[in-house]
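The values are calculated or read from the model by the stated rules, or taken from the named source; none is laboratory data. Computed from a prediction, not measured in an experiment: that's the story for all the values here. Positions of Cβ are backbone-derived with ideal geometry, glycine not excepted, and every protein chain shown enters the neighbour counts. The accessibility values were calculated without ligands, DNA or RNA, using every heavy atom of the protein model including side chains. Shrake-Rupley method; radii C 1.70, N 1.55, O 1.52, S 1.80 Å.
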Amino acid sequence: MSTLRILLAALCLTLMACGAKKPPPSKSYTLGGTKIEYRDYGLVRGSICGVDPRRLSDELTKINTLLEEFVSGTEAATQPEATAEQVELLREGSQSLGPVVDAHRKNIAGLRACDFQRKPPFPDLTKKGEEVLTSAKARLDAAPEVLAAADARIAEQKWKEDSAKREATAKQDFCKAGTAVGSGDLYFARQESDGKKRWLFCDGLTVEAPSGADPTLVIPESISKKDRRRIQASRYLEAAKSYPAEEIDRLGAEKKEEAE
């Protein structure tokens, strides 16, 4: 054998195969505590068919599993009872999962050109890949709207909790123990997320005004007939009317104050 042929043979062995296409480098990706390695074989046309089938099936299966876990783990993010963890998983995925989904879609499609495409486990792997890609894309497409709704729910819940604390503090600061019914002492006002306004008085009475409706005085059933005689509705309604609108506790007021 000539020296030239020996050199060519050695070169082929070094490259593992003459004409083999070197696959693109792998990239690390972590989502919800799960870490994977993936490649976009579409960057080097035909390179996916030159990968050892066993290694390739393991790689693609892990991505299938990651996408499936993402879809199942964020299903409840669309519901009012969604946990903060479920919402954050959707947020994290919406910000970073796109390149993985795009690469996996090209890789699954690229399997059609490979000789081993019809050999196990690739038929099932391909079918699973197409299913999770469809589900993951749908979840990512819906993510902006879902996250906006979830953030609104979380903000409202936090406001309700903080508002309840502000109400308790105001009552403690402005109301005297054993305040007589009919005093008309107003200590707190709140506008609910549905637009309904409520003015709270130290003697337990409230003035309520649903969105777009006139205020009305609400007297608890626990108030005795004797005490009811001391109540002058106009006094309470006037107090509510005179209460500064900017001091009514409402969702978003804190952000507005911070911006100012």
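Report, to the nearest 10°, how far helix 98-110 tilts away from the longest principal axis of the Cα atoms in the chain, using its own Cα long axis and a range of 0 to 90°. The answer is roughly 40 degrees.
Considering only Cα-Cα distances, which of the following residue pairs are longer than 29 Å: LYS176/LYS226; LYS165/LYS196; LYS171/LYS225; LYS27/LYS158; LYS171/LYS241; LYS27/LYS137? Over 29 Å apart, Cα to Cα: LYS27/LYS158.
For GluC sites (Glu not before Pro), the sites in segment 80-179 that DSSP calls loop and that have at most 14 other Cβ atoms within 10 Å are GLU81.
So what is the relative contact order for the chain, in percent, with contacts set as C-alpha pairs under 8 Å and at least six apart? Relative CO of the chain lands at 13 percent. Extents of segment 28-125, largest first, come to 48, 25, 19 Å (Cα atoms, principal axes, whole angstrom).
Against the chain, whose longest principal axis comes from its Cα atoms, helix 233-242 is set at around 50 degrees. The accessible area of VAL132, taken with all protein chains in place and a 1.4 Å probe, comes to roughly 10 Å². Here is the list for segment 27-120: trypsin sites (Lys or Arg not before Pro) lying in DSSP coil, each with at most 13 other C-beta atoms within 10 angstrom of its C-beta, are ARG45. First select every other residue whose beta carbon is under 10 angstrom from the beta carbon of SER211; then total the charges, Lys and Arg +1, Asp and Glu -1. Around SER211, the surrounding residues sum to 0. Solvent-accessible surface of the chain, averaged per residue with a 1.4 angstrom probe and all protein chains in place: 63 square angstrom.
Magnitude of the charge dipole for the chain, about its Cα centre and with charges confined to Cβ atoms of Lys, Arg (+1) and Asp, Glu (-1), is about 860 debye. Each Lys or Arg adds one and each Asp or Glu takes one away; over the other residues whose Cβ falls under 12 Å from the Cβ of PRO99, this sums to +2.
The apolar share of the surface of the chain, taken as the fraction of accessible area on carbon and sulfur atoms (1.4 Å probe, ligands and nucleic acids excluded), comes to 53 percent. Just so you know, the Rg over Rh for segment 73-189 is 1.40, from Cα atoms, with Rh as the Kirkwood radius.
When Rg and Dmax are taken over the Cα atoms of the chain, they come to 32.9, 120 Å.
Seen against the Cα atoms of the chain and their longest principal axis, helix 53-73 is set at about 10 degrees.
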